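What follows is a single structure, written as structure tokens, with notes after it.
The values are calculated or read from the model by the stated rules, or taken from the named source; none is laboratory data. Model, not experiment: these values are computed from the prediction. A quick note on method: Cβ atoms are made from the backbone with ideal geometry, for glycine too, and the neighbour counts reach across all protein chains shown.
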Amino acid sequence: MGETAYRAAKVAGAVFRYGVQHGLCESDPSCDLRGAVLLPVPEHRAAVTDPKKLGELLSAFDAYMGTPVVRALALQPMVFVRPGELRHAEWAEFDLDSNVWIISAARMKGNLQAKKNGSPHVVPQAVAILRELHPLTGGGRYVFPSPLTAEKPMSDNAVLTALRRMGFAKNEVTGHGFRATVRTIAPIASERLGIAPEVIEAQLAHAVGDALGQAYNRTQYLEQRRELMTKWVDYLDILRKGAQVLAFKGEA
């Protein structure tokens with residue numbers, strides 16, 4: 001509620017300022033709300049940040065691989081994207097033969113300018129789960145359609161419900177926590193995998209301060225990112241099978 005009120009106050013202020021500038025109203029009454037409606041402190045979403053626990057989570061997904069929503073959960077730690085970017089994935093964005101997923105700038109997080117003129121984000125790894133899923137949902141627009149209508153993608157609530165049915169509590173893991181999982185474990189694994197930190201940041205689609213830097217991340221790192229994604233998926237397989245767990249700094 002607090003965030004909704006904060007955003008509503010900002011929109012109202014913009015409307016009234018427009019009105020004042022064009023002679024449609026005398027003042028901006030939303031000014032009286034400044035300082036009264038504050039943006040709430042963001043809460044961190046529950047996430048798995050231990051490699052061994054991540055392996056257990058991936059194994060649980062394997063046991064419940066019958067539905068598209070669980071396949072989406074299994075993909076989330078593999079592809080480094082945000083939950084909404086994955087849930088809204090469309091089959092037209094994938095080239096399974098070339099193992100590439102291209103997400104338009106309009107679907108990525110960013111300001112209006114970036115969404116209009118930014119470069120697409122490339123995920124240079126299409127895993128076997130997608131090939132297995134194609135016979136089930138490949139005839140429609142969305143890779144992960146809503147069970148109610150194929151015209152819409154599945155909801156965030158569907159992901160949470162699936163996690164709870166598998167026995168994972170709200171304070172253990174959430175759909176939005178997988179980015180934190182990747183951001184925590186991937187840099188640690190990269191020391192053993194030989195992947196530079198900036199390549200991981202580029203694959204996470206983190207913003208770079210200048211346009212030149214953004215372009216460099218999206219182009220020059222592409223081959224390194226392909227190597228990263230291949231090694232990362234292999235590492236997740238190792239965790240899933242429980243064959244090896246990379247220790248955190250200071251451990252072992």
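Within the stretch 170-191, track down each residue that is surrounded by fewer than 17 Cβ atoms within 10 Å (Cβ to Cβ) and without any contact (Cβ under 8 Å) to a residue 60 or more places away in the chain.
Scanning the stretch 170-191 gives ARG183, PRO187, GLU191.
Which ones in the stretch 110-151 are buried (at least 18 other Cβ atoms within 10 Å of the Cβ), in a loop (DSSP other than H, G, I, E, B) and touching a strand residue (DSSP E or B) at 6+ places or on another chain (Cβ under 8 Å)?
PRO124, GLN125, ALA126, VAL143, PHE144
Quick one: in the stretch 106-123, which of the residues that are at pLDDT 85 or above and aliphatic (A, V, I, L, M) is nearest to GLN76 (Cα to Cα)?
VAL123
Condition first: at pLDDT 85 or above, buried (at least 18 other Cβ atoms within 10 Å of the Cβ) and either acidic (Asp, Glu) or within 24 Å of LEU57 (Cβ to Cβ) (or both). Can you find one or more residues in the stretch 238-246 that meet it?
yes
Quick check on the stretch 204-223. Is at least one of its residues of a type in the set (Phe, Trp, Tyr), surrounded by fewer than 18 Cβ atoms within 10 Å (Cβ to Cβ), assigned by TED's automatic domain parsing to the domain that holds LEU57 and modelled with pLDDT under 75?
Within the stretch 204-223 (the criterion being of a type in the set (Phe, Trp, Tyr), surrounded by fewer than 18 Cβ atoms within 10 Å (Cβ to Cβ), assigned by TED's automatic domain parsing to the domain that holds LEU57 and modelled with pLDDT under 75), the answer is yes, since at least one residue qualifies.
For every residue, the table says whether it meets (1) in contact (Cβ under 8 Å) with a residue 40 or more places away in the chain; (2) more than 15 Å from the chain's Cα centre (by Cα).
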| residue | (1), (2) |
| --- | --- |
| ILE129 | yes, yes |
| SER155 | yes, no |
| ALA158 | yes, yes |
| ALA162 | yes, yes |
| PHE168 | yes, yes |
| LEU193 | yes, yes |
| PRO197 | no, yes |
